[in-house]
Amino acid sequence: MPEVKLGLDAILSIDGAEIKNCKDLTVSLEKAEADASTRDNNGWRATVGTLKDASVEFTVLNKDGDTAFALLQGLFMSGDPCDVSISDAGGTLALTCEVMQFNVNQNLEEVISADVTLKPTSSATGTGINVPGP
């Protein structure tokens, strides 16, 4: 058994449906910073994390019989939030997101595809927690 988990074994789900028609998915997580420096820090600047930010970016192909392309384009046009789940070797990240970018690529020597960016949005659902896997 390999000691690593391959990207092709990771799972992306949107509103409970697995999106298999995606490639090169990147999850970017970061925090904003607040200065917590005081005279008591022995000359060191002290920083604490504040609001978290996330970005989920991937490419989806426009394939006959696959609904992912149309689903994501529809979510972009409507502005409706969607529940996103990304599972890999580190666990599962669950967020409620909005499709912020849907850039269609029509290169002559490539399959028509779209570069998609999802970002967290205001909603009562989505844990936003990276829960360790079994």
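Have a look at S37, S13 and point out the one that is touching a Phe, Trp or Tyr at 6+ places or on another chain (Cβ under 9 Å), small (G, A, S) and either over 25 Å from P120 (Cα atoms) or not in a loop (DSSP other than H, G, I, E, B) (or both).
Among S37, S13, only S37 is touching a Phe, Trp or Tyr at 6+ places or on another chain (Cβ under 9 Å), small (G, A, S) and either over 25 Å from P120 (Cα atoms) or not in a loop (DSSP other than H, G, I, E, B) (or both).
Only one of T59, T38 is β-branched (V, I, T) and open to solvent by less than 70 Å² (accessible area, probe 1.4 Å); which?
The conditions single out T59.
Residue by residue, here is whether (1) exposed (fewer than 12 other Cβ atoms within 10 Å of the Cβ); (2) assigned to a strand (DSSP E or B) holds:
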{"position": "E3", "(1), (2)": "yes, no"}
{"position": "S28", "(1), (2)": "yes, yes"}
{"position": "G43", "(1), (2)": "yes, no"}
{"position": "A54", "(1), (2)": "no, yes"}
{"position": "G74", "(1), (2)": "no, no"}
{"position": "V84", "(1), (2)": "no, yes"}
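Name the residue, out of G79, G90, that is in contact (Cβ under 8 Å) with a residue 40 or more places away in the chain and within 19 Å of the chain's Cα centre (by Cα).
Selected residue: G90, the only one of G79, G90 that is in contact (Cβ under 8 Å) with a residue 40 or more places away in the chain and within 19 Å of the chain's Cα centre (by Cα).
Filtering segment 23-50 down to residues that are of a type in the set (D, E) and under 18 Å from the mean Cα position of the chain (by Cα), which residue is farthest from L61 (Cα to Cα)?
For segment 23-50, the residue satisfying everything is E30.
The values are calculated or read from the model by the stated rules, or taken from the named source; none is laboratory data. Keep in mind it's a predicted model, so treat the numbers as computed, not measured. All Cβ positions, even for glycine, are placed from backbone atoms using ideal geometry, and neighbour counts span all protein chains on display. SASA here: full protein model, heavy atoms, side chains in, ligands and nucleic acids out. Shrake-Rupley method; radii C 1.70, N 1.55, O 1.52, S 1.80 Å.
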